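The values are calculated or read from the model by the stated rules, or taken from the named source; none is laboratory data. This one's a predicted model, so the numbers in the text were calculated from it and none came from an experiment. When we count neighbours, we look across all protein chains shown, and the Cβ atoms used for this are built from the backbone with ideal geometry, even at glycine.
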Amino acid sequence: MANCFNQCCTPGCGTFVPAELETEGFCVPHFLTSAERACSDIRRETASGSDAIRRAEFENYVAASAIKLALIGTGSVRLSDEIKKRLLTTFLTLMILRENLDRTPSPFLSRQPSTRTEVSTVSVTARV
């Protein structure tokens, strides 16, 4: 945890950034807010229709965000009960979004089942 003394990049927030979120530059509460906002934006965009490449980008975002949430939740940073609740709610939102991405966008179009996004455990074990 030597690198967790960076401050959140959100203006006016002086909270430290845990090592799991260094690349994003957000503290845990702002990362959760950002992920929730991204989920609603993705849901809105997929409702209006998106191509297969864009859907694959969304699926990759969901997988990467879920891994980050798991690392935060099981990491060395102590979280308040309220943040734990928000973390689990955000994780559930990501799970529901992933299910929605797997559904056919229109009942008249058949969609090929997408292959599950394979996430490398190397990146996860490298952080541990």
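Just one of the listed residues (GLY49, GLY75, GLY25, GLY12) is in contact with a strand residue (DSSP E or B) (Cβ under 9 Å, 6 or more places away or on another chain) and small (Gly, Ala, Ser), and it is GLY25. For ASN6, only one of the following conditions fails: (1) surrounded by 17 or more Cβ atoms within 10 Å (Cβ to Cβ); (2) without any contact (Cβ under 8 Å) to a residue 40 or more places away in the chain. What is its number? All conditions pass for ASN6, except number (1). Residues that are surrounded by 12 or more Cβ atoms within 10 Å (Cβ to Cβ), assigned to a loop (DSSP other than H, G, I, E, B) and in contact with a Pro (Cβ under 7 Å, 6 or more places away or on another chain) within the stretch 16-60 are absent altogether. Selection of the stretch 61-92 for residues being of a type in the set (Gly, Ala, Ser), surrounded by 12 or more Cβ atoms within 10 Å (Cβ to Cβ) and at pLDDT 90 or above yields ALA63, ALA64, SER65, ALA66, ALA70, GLY73.
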